[in-house]
Amino acid sequence: MAKPKVNPDATKKIDAYLATVSEEQRPILDLIRKTVNAVDDRIQEDWKWSAPCFYKDGLVCWFVGFKLHVGLNFYKGSLIKDTFKAFVESEDAEKGNRMIHYKTLQDVNIKALEDYVKQAIVLNEKNIKVDYVRKKELETPDYFEKALNNNSAAKTVFENFTEAQRRDYIEWLVEAKREATRDKRMAQAIEWIAEGKTRNWKYMNC
């Protein structure tokens, strides 16, 4: 039997997730969910990366409640015409994702949301893919290499990370302006990596 393209328990998982968010964010997330589902009756609810997602011939978008806002992420957002200037600025050209932030229920522009969802569906139906700008792989700094060599569990996990996952940690370390800050980050990085966690693991479980 073919593996289903969406999580069969997605709707239940989304219901359970929404029951855990704050009273301020729940109406926003409920409205987004209702609006996205109403755009096209072929849209299916999905559950990936511990977050509610929407699927139609591929991932359309997903949302999550962060500490200060609700984020709605369009997987192929870089190909969507941002007519309503809704996307937050992104400096990472390597990724096709684009996100909209909502702090209040009044921030949700229904027309914009419907338009962007429709565009995303068309992109999937036409099998149009994001032309990613591939970055040159970063070299692991000597000081980080030594720290990894001193922790076999972390070293093994790090070597099995994807290039993007390794890059996230390396960039975090090299961006530190002070040695003390770098050392603090490195200690935290080694701890997280040994536990199998990616740099942004906290956001994946919001």
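Brief remarks on what is shown
- From LYS13, LYS34, LYS48, LYS5, residue being within 17 Å of the chain's Cα centre (by Cα) and of a type outside the set (A, V, I, L, M, F, W, C): LYS48
- Candidates are the residues of region 120-162 that are of a type in the set (Asp, Glu) and surrounded by fewer than 12 Cβ atoms within 10 Å (Cβ to Cβ); the one that is nearest to ASP40 (Cα to Cα) is ASP131.
- Every residue from region 10-21 that is surrounded by 12 or more Cβ atoms within 10 Å (Cβ to Cβ) and either out of contact with any helix residue (DSSP H, G or I) (no Cβ under 8 Å at 6 or more places or on another chain) or closer than 14 Å to TYR55 by Cα (or both): ALA10, THR11, LYS12, LYS13, ILE14, ASP15, TYR17
- Residues of region 144-199 classified as farther than 26 Å from LYS95 by Cβ and among the polar types (S, T, N, Q), total: 5
- One residue alone among PHE66, PHE54, PHE144, PHE87 is in contact with a Lys or Arg (Cβ under 7 Å, 6 or more places away or on another chain) and of a type outside the set (Val, Ile, Thr), and that residue is PHE87.
- The listed residues are GLY77, GLY96, and the only one of them that is surrounded by 17 or more Cβ atoms within 10 Å (Cβ to Cβ), at pLDDT below 95, under 30 Å from GLN188 (Cα atoms) and not β-branched (Val, Ile, Thr) turns out to be GLY96.
- Long-range neighbours under 7 Å by Cβ, at least six apart or interchain, first residue assigned by TED's automatic domain parsing to the domain that holds ASN151 and free of Cβ contacts under 8 Å to residues at least 12 places away in the same chain within region 180-193, second surrounded by fewer than 18 Cβ atoms within 10 Å (Cβ to Cβ) and in a helix (DSSP H, G or I): TRP192/TRP201
- Among the candidates ASP82, ASP46, residue that is of a type in the set (Asp, Glu), touching a strand residue (DSSP E or B) at 6+ places or on another chain (Cβ under 8 Å) and surrounded by 19 or more Cβ atoms within 10 Å (Cβ to Cβ): ASP46
- Neighbours by Cβ (under 7 Å, 6+ apart or cross-chain): first from region 31-46, more than 16 Å from ASP115 (Cβ to Cβ); second part of a helix (DSSP H, G or I) and small (Gly, Ala, Ser): GLU45/ALA10; ASP46/ALA10
- Tally, over region 38-74, of residues that are at pLDDT 90 or above and among the basic types (Lys, Arg): 2
The values are calculated or read from the model by the stated rules, or taken from the named source; none is laboratory data. Keep in mind it's a predicted model, so treat the numbers as computed, not measured. A quick note on method: Cβ atoms are made from the backbone with ideal geometry, for glycine too, and the neighbour counts reach across all protein chains shown.
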